[in-house]
1. Does ALA71 meet the test of being among the aliphatic types (A, V, I, L, M), touching a His at 6+ places or on another chain (Cβ under 8 Å) and loosely packed, with under 15 Cβ neighbours inside 10 Å?
2. Quick check: anything in region 104-116 among the aromatic types (Phe, Trp, Tyr), under 29 Å from PRO32 (Cα atoms) and open to solvent by 10 Å² or more (accessible area, probe 1.4 Å)?
3. Do we have any residue at all in region 40-50 that's among the charged types (D, E, K, R), more than 23 Å from ALA177 (Cα to Cα), without any contact (Cβ under 8 Å) to a residue 60 or more places away in the chain and in a helix (DSSP H, G or I)?
4. How about region 123-136: which of its residues are open to solvent by less than 20 Å² (accessible area, probe 1.4 Å) and either part of a strand (DSSP E or B) or in contact with a strand residue (DSSP E or B) (Cβ under 6 Å, 6 or more places away or on another chain) (or both)?
5. Does ALA88 fit the bill of being in contact (Cβ under 8 Å) with a residue 24 or more places away in the chain and touching a Cys at 6+ places or on another chain (Cβ under 9 Å)?
6. Would you be able to say whether some residue in region 28-37 is touching a Lys or Arg at 6+ places or on another chain (Cβ under 7 Å), surrounded by 15 or more Cβ atoms within 10 Å (Cβ to Cβ) and modelled with pLDDT of 95 or more?
7. Look through region 16-39, keep the residues that are assigned to a loop (DSSP other than H, G, I, E, B) and within 19 Å of the chain's Cα centre (by Cα), and return whichever of them is nearest to CYS170 (Cα to Cα).
8. Inside region 154-163, can you point out the residues that are at pLDDT below 95 and either open to solvent by less than 80 Å² (accessible area, probe 1.4 Å) or of a type in the set (Ser, Thr, Tyr) (or both)?
Amino acid sequence: PGVLRDLLRQASTAAAEAEVTHLVLRTPEGSPAQAAAPREGFQPVILETLWAGRLAPTADAAPGVREATPADAHAMFQVYSRTWPVAARQALAMTLDEWMAVQEQRWLERGVTLVAEQGGHVCGYARASRTGQFTLTVAPGAPAAADALLRALATRIAEAERHVTLVAECGSEEAAALRRAGLEPERTFALLCKRIARPVRDEAYARAGVPITG
């Protein structure tokens with residue numbers, strides 16, 4: 001336990017020196033790290049289930065699915081806001097800027113981001129790498145969007161031997177769609193976040209009193 005807490009403290013110090021705003025920790029549920037992290041300032045965000053298997057390519061169309069553009073960022077953030085509970089968003093990201101800052105991007109190199117629309121509004125999105133790793137977030141009440149996104153992903157990442165994704169415990173639409181697509185849950189992870197606070201220094205000037213004699 002002492003080594004774990006020391007490692008977490010070192011990570012926090014390094015993050016502050018690098019001017020990182022959020023330090024995100026993902027660890028297996030029930031692990032020593034999950035127990036130690038709150039003592040070092042990490043807030044529990046949410047539990048995530050790892051789903052794995054293979055999305056079988058299909059000839060069926062994926063209506064309403066298209067590649068995302070930078071202009072879709074706000075709509076995707078709104079889907080996240082409608083899906084994740086308030087307590088989880090307070091711990092991880094409440095604003096668009098915060099949400100964009102905590103997005104995991106490195107594994108997406110040469111990947112793709114898709115959005116699903118219904119009635120002209122974005123109701124789900126997915127990110128995928130060519131290695132088979134992907135994310136899926138769908139607004140409540142939009143199961144067709146989840147199915148359509150998975151059909152589109154199956155074609156885009158067909159060359160990967162195995163497909164894996166982490167779904168937040170609030171993602172009932174996603175879990176049901178993944179099971180319909182042939183993936184199975186494997187294990188659960190805890191997501192925690194520490195906001196790295198940096199003091200804002202502001203100079204304050206005091207008015208000097210000058211005695212007047214007379």
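1. no
2. Within region 104-116, the subset among the aromatic types (Phe, Trp, Tyr) is 107.
Retained after the next criterion (residues that are under 29 Å from PRO32 (Cα atoms)): 107.
Among the residues that remain, those that are also open to solvent by 10 Å² or more (accessible area, probe 1.4 Å) are: 107.
Yes, some residue in region 104-116 is among the aromatic types (Phe, Trp, Tyr), under 29 Å from PRO32 (Cα atoms) and open to solvent by 10 Å² or more (accessible area, probe 1.4 Å).
3. To start, the set of residues in region 40-50 that are among the charged types (D, E, K, R) comprises 40, 48.
Among the residues that remain, those that are also more than 23 Å from ALA177 (Cα to Cα) are: 40.
Then keep just the ones that are without any contact (Cβ under 8 Å) to a residue 60 or more places away in the chain; that gives none.
So far as region 40-50 goes, no, none of its residues is among the charged types (D, E, K, R), more than 23 Å from ALA177 (Cα to Cα), without any contact (Cβ under 8 Å) to a residue 60 or more places away in the chain and in a helix (DSSP H, G or I).
4. Filtering region 123-136 down to residues open to solvent by less than 20 Å² (accessible area, probe 1.4 Å) leaves 123-126, 128-129, 132, 134, 136.
Across region 123-136, the qualifying residues are CYS123, GLY124, TYR125, ALA126, ALA128, GLY132, PHE134, LEU136.
5. On the way: in contact (Cβ under 8 Å) with a residue 24 or more places away in the chain: yes; touching a Cys at 6+ places or on another chain (Cβ under 9 Å): yes.
It is true that ALA88 is in contact (Cβ under 8 Å) with a residue 24 or more places away in the chain and touching a Cys at 6+ places or on another chain (Cβ under 9 Å).
6. Taking region 28-37 as the starting set, the residues that turn out to be touching a Lys or Arg at 6+ places or on another chain (Cβ under 7 Å) are 28, 36.
Now drop any that are not surrounded by 15 or more Cβ atoms within 10 Å (Cβ to Cβ), which leaves 36.
This time we only want the ones that are modelled with pLDDT of 95 or more, so: none.
Checking region 28-37: not a single residue is touching a Lys or Arg at 6+ places or on another chain (Cβ under 7 Å), surrounded by 15 or more Cβ atoms within 10 Å (Cβ to Cβ) and modelled with pLDDT of 95 or more.
7. Within region 16-39, the match that is nearest to CYS170 (Cα to Cα) is GLU29.
8. Of everything in region 154-163, those that are at pLDDT below 95 and either open to solvent by less than 80 Å² (accessible area, probe 1.4 Å) or of a type in the set (Ser, Thr, Tyr) (or both) turn out to be ALA154, THR155, ILE157, ALA158, ALA160.
The values are calculated or read from the model by the stated rules, or taken from the named source; none is laboratory data. A quick note: this is a predicted structure, and the numbers were derived from the prediction, not measured. As a convention, Cβ positions derive from the backbone with ideal geometry for all residues, glycine included, and neighbour counts pool all protein chains shown. For the accessible areas, the whole protein counts, side chains as well, though only heavy atoms, and no ligand, DNA or RNA atoms are used. Shrake-Rupley method; radii C 1.70, N 1.55, O 1.52, S 1.80 Å.
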